[in-house]
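The values are calculated or read from the model by the stated rules, or taken from the named source; none is laboratory data. It should be emphasised that the depicted structure is a prediction, and the values quoted were computed from it without experimental measurement. Cβ sites come from the backbone with ideal geometry, for glycine too, and all protein chains shown count toward neighbours.
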Amino acid sequence: MSTPRVGAPIERRIAETLVLDGNGSSVAVGSFWAKGPCLLVLLRHFGCVGCAEQMTELAPRLGDLAHVGVRTVLVGNGTPEQLAAFVERHALQGAPVEVMTDPRLGLYAALELRRSAWATIGPRALVDMARAMTAGHPHRPVEGDATQQGGVLLVDGRGIVRFFHSNRSLGDHADTSDLVEVALKLRIEASSAAARV
């Protein structure tokens, strides 16, 4: 096993990993990019203060991502009830985004994302937490696995990894502008390919 490499095909074991939708139904991760590019954002847990900060940055750009043909899927690891509360808390109803959960941490393990208490309570994490709380993001109860760190994976419609980021601590999330830039490049590549046909 190895972490996803940019430019390489996504490994089958990752594509076949199952997550749950809000109704508790299993969905194969590979189905998310079966019809086009998909941005997977793996949250630490649904109550994470760092994830609330990340959502504040990402939510205004969800329309931009959808406009260039990128499907956005958020994956947490709490219960379906916690998933529903997260959607409500971040006003995601009707937004161009899907929210899933992975309570067994199968996708996190397949992507080899960090699982570490130090990344949650170490010095860097405490600085991240203070920054997020100072910006107005409340510290909420744990809604999933507190030691699990998040990450981001962008896969194009051919199953090629276009972006991968593994968080080092609770506030080390990928820059949203970088994600939108990669999405725009995908759109330009698709348009150029269509023009050559």
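Scanning region 1-58 for residues that are among the charged types (D, E, K, R) and more than 15 Å from residue 148 (Cβ to Cβ) gives 5, 11, 12, 13, 16, 21, 35, 53, 57. Residues in region 30-57 that are modelled with pLDDT of 95 or more, part of a helix (DSSP H, G or I) and out of contact with any Gly (no Cβ under 9 Å at 6 or more places or on another chain): 31, 32.
Which residues, counting only those in region 59-104, are more than 18 Å from residue 48 (Cα to Cα), in contact with a strand residue (DSSP E or B) (Cβ under 7 Å, 6 or more places away or on another chain) and of a type in the set (S, T, N, Q)? Within region 59-104, 72 is the sole residue that qualifies. The residues on offer are 91, 66, 117, 95, and the sole one that is over 14 Å from the mean Cα position of the chain (by Cα), surrounded by fewer than 19 Cβ atoms within 10 Å (Cβ to Cβ), small (Gly, Ala, Ser) and more than 23 Å from residue 180 (Cβ to Cβ) is 117. In this structure, does residue 159 turn out to be surrounded by fewer than 21 Cβ atoms within 10 Å (Cβ to Cβ), closer than 26 Å to residue 64 by Cβ, in contact with a strand residue (DSSP E or B) (Cβ under 7 Å, 6 or more places away or on another chain) and small (Gly, Ala, Ser)? Considered against the rule, which asks whether it is surrounded by fewer than 21 Cβ atoms within 10 Å (Cβ to Cβ), closer than 26 Å to residue 64 by Cβ, in contact with a strand residue (DSSP E or B) (Cβ under 7 Å, 6 or more places away or on another chain) and small (Gly, Ala, Ser), residue 159 comes out as yes.
In region 1-55, the residue that is surrounded by the fewest Cβ atoms within 10 Å (Cβ to Cβ) out of those that are of a type in the set (Val, Ile, Thr) and farther than 18 Å from residue 169 by Cα is 6. With respect to the numbered conditions (1) under 21 Å from residue 182 (Cβ atoms); (2) touching a helix residue (DSSP H, G or I) at 6+ places or on another chain (Cβ under 6 Å), which one is the sole condition not fulfilled by residue 34? Only one criterion is unmet by residue 34, namely (2). Evaluate the following for residue 146: is it aliphatic (A, V, I, L, M), touching a His at 6+ places or on another chain (Cβ under 8 Å) and in a loop (DSSP other than H, G, I, E, B)? Yes; evaluated as a whole, the condition is true for this residue. Selection of region 84-99 for residues being touching a residue at least 40 places away in the same chain (Cβ under 8 Å) and in a helix (DSSP H, G or I) yields 84, 85, 86, 87.
Only one of 53, 16, 81, 11 is in contact with a His (Cβ under 7 Å, 6 or more places away or on another chain) and among the acidic types (Asp, Glu). Can you tell me which? Give the derivation first.
Working: 16 fails: in contact with a His (Cβ under 7 Å, 6 or more places away or on another chain); 81 fails: in contact with a His (Cβ under 7 Å, 6 or more places away or on another chain); 11 fails: in contact with a His (Cβ under 7 Å, 6 or more places away or on another chain).
Only one candidate passes the filter, namely 53.
Count of region 100-143 residues, restricted to those that are assigned to a helix (DSSP H, G or I) and modelled with pLDDT of 95 or more, is 5. Do we find that residue 196 is without any contact (Cβ under 8 Å) to a residue 40 or more places away in the chain, within 18 Å of the chain's Cα centre (by Cα) and surrounded by fewer than 19 Cβ atoms within 10 Å (Cβ to Cβ) in this structure? No; evaluated as a whole, the condition is false for this residue.
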